[in-house]
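Note sheet for the following structure.
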Amino acid sequence: MAAVKYMSLNGKVVPTEDARIHILSPAVKYGTNVFEGIRGYWNAGQKELHIFKLTEHLQRLQFSMKVMRFGDTFAVDYLRDCILELIKANELREDTYIRLFAYVDDFDGEMTAAGTVGMAIAATPKGRREKADAGVNVAVSSWQRISDNSMPPRIKCVANYNNGRLAWMQAKADGYDNVILLTQRGTVAEGPGACLYIVRDGVPITSTVASDILESITRRTVMQIFAEYANKYTVERDIGRTELYAAEEAFYCGTGHEILPIVSIDRHPLGAAKVGPLTQALWEKYQALVRGETPDHPEWRTPVYGESGS
Ligand code: PMP
C-alpha cells in the first residue's frame, strides 16, 4: 500500500502506482539517476509546513546533473513549484520527507545516453529516526569510501549509495547501528547518508570537503549554528581514525539523520557514553530553526501553505 495517493512525474501529479520507469532505462541499467532528500517540518501552532533549505537542495540537484552530463537540467523555480503542488495534492500536514529524482529515461539507452531526462518526486510522512534520542553505536568500516576520481561522493548519484550500503549492512551484521567510512588515504570521510562531526576539548571538528564527502547542507548549517549561538568555530581538517576514539562527543548530521548523536565508536564509549551537552544544545537549536519555532533565519524555510494554513 502506498503511503500517499500521489507522486509527481515529469511535472504532473499522478497516482503513486503510475509513477514508473522502464527496466531498460539507463536510470535502472546503469544507475544514471541523481536525487535529493529534503525535509519539511510541520509547525502545529502556525499550521505551516516549512521546507528546510529547499533552494540549496535544488541547486545541488542541478550540480549532480551537470557532473553526470545529463542533456537537460530543470530550473529551480520549476522544481520548487512541482514540490509544492505535490505536497498540497497529498494534503500533508505533518513532518514530511521529499525525495526528488532526475534520471536518464531513454528506452534501452546506452551507457552514454544523456536524455531524455525524467524527473520524479515523492513526498511522504516521516518523523525522527529511531534511537535518535539515545544515540547510536557505530563501527569504522573496513569498506573504503569511494573517491572523487572514481565515483564522486560530492554528487548524489544513486549508484554511489551501494558503497554506503555495503558498509552499513556489514556493520549491522556485526551488531552496530551505523557506520563511518574512511577515505582511501585512511582519514575520516562520512557515514552512508550523513556527514560527521567530532568534538575534542570543546572544539567542533569536521572533515574537509576534499575528504570524499557530500557537501552536506546540514554540515554547513551546523557550522553556522555553532558560530552564531554557541560562539564555537568549527575546524575543517583531516580527522585520523583514532581521533574518533578520543572525541568527547560525536554526531552525524544530514537532512534525513538530522542531528544524530553517536555514543560509541568501535565499542569505545565517547565521553560519558550518552548524548553530550554540545550535541544536545545543537539539536534543540536545530529543531527550533527547521520548524520555524524561532523567527531567526526565515530565509532557510519555504512555507508550503502560506499564512492562512490552507
Ligand atoms: N553524506 C551523504 C552520503 C548523504 O547521503 C547525505 C544526505 N544527503 C549527507 C551526507 C548529508 O547531506 P545533507 O545535509 O545535504 O542532507
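With the other protein chains left in place, how much accessible area per residue, in square angstrom, belongs to the range 68-155 at a 1.4 angstrom probe? Working shown, then result.
Working: 4460 Å² over 88 residues.
Solvent-accessible surface per residue comes out at 51 Å².
Can you give the extra length, in nm with one decimal, that the chain gains between Ala272 and Val209 once fully stretched, where that is 0.36 nm per residue apart less the Cα-Cα distance? Intermediate values should be presented prior to the final figure.
Working: separation 63, 0.36 × 63 = 22.68 nm, distance 2.97 nm.
Extra length available between Ala272 and Val209 comes to 19.7 nm.
Taking a spot 7 Å from the Cα of Asp133 along the direction of its beta carbon, which residues of the range 252-285 have an amide N less than 18 Å from it?
Hits in the range 252-285 for Asp133 at 18 Å: 258-263, 274-277, 279-285.
Residue-wise, which Karplus ³J(HN,Hα) couplings in Hz belong to the range 127-136, taking 6.51 cos²θ - 1.76 cosθ + 1.60, θ = phi - 60°, and x for glycine or proline?
With coefficients 6.51, -1.76 and 1.60, one gets x, 6, 5, 4, 6, 5, 6, 7, x, 10 Hz.
Which entries of Lys126/Lys285; Lys5/Lys126; Lys5/Lys66 have Cα-Cα distances beyond 24 Å here?
From the list (Lys126/Lys285; Lys5/Lys126; Lys5/Lys66), the Cα-Cα distance tops 24 Å for Lys5/Lys66.
If you roll a 1.4 Å probe over the range 157-265 with all protein chains in place, what percent of the accessible area is carbon or sulfur? Mind showing how you got there, number by number?
Values: 1930 of 3870 Å².
Carbon-and-sulfur percentage of accessible area, whole number: 50.
Residue by residue through the range 224-237, what is 3J(HN,Hα) from phi via Karplus (6.51 cos²θ - 1.76 cosθ + 1.60, θ = phi - 60°)? Round to whole Hz and write x for glycine and proline.
For the range 224-237, the Karplus-derived couplings read 5, 5, 4, 5, 7, 10, 10, 6, 10, 10, 6, 9, 9, 7 Hz, x marking Gly and Pro.
Using a Cα-Cα cut-off of under 17 Å, which aspartates and glutamates could be cross-linked to Lys53, ignoring same-chain neighbours fewer than 8 residues away?
Glu36, Asp77, Asp81, Asp95, Glu215, Glu258, Glu293, Asp296, Glu299
At Ile23 and Asp95, where each label point lies 7 Å from the Cα along Cα→Cβ, what is the point-to-point distance in nanometres?
3.7 nm
Can you grab the distance from the C-alpha centre of the range 209-257 to the C-alpha centre of the range 96-141, Å, no decimals?
22 Å
Taking θ = phi - 60°, what integer Hz values does the Karplus form 6.51 cos²θ - 1.76 cosθ + 1.60 yield along the range 252-267, in sequence order, with x for Gly and Pro?
So the Karplus estimates, Gly and Pro as x, are 7, 9, x, 4, x, 6, 6, 10, 10, x, 10, 9, 8, 10, 6, 6 Hz.
Can you list residues from other chains, or at least 5 along the same chain, whose modelled amide H is less than 5 Å from the amide H of Ile262?
Placed amide hydrogens put Val136, Ala250, Phe251, Tyr252 under 5 Å from Ile262.
The values are calculated or read from the model by the stated rules, or taken from the named source; none is laboratory data. The model shown is predicted, which means the values in this text are computed figures rather than measured ones. Methodologically, a virtual Cβ is constructed for each residue, glycine included, from the backbone with ideal geometry; neighbour enumeration extends over all protein chains shown. Accessible surface is based on the protein model in full, side chains and every heavy atom, while ligands, DNA and RNA are left aside. Shrake-Rupley method; radii C 1.70, N 1.55, O 1.52, S 1.80 Å.
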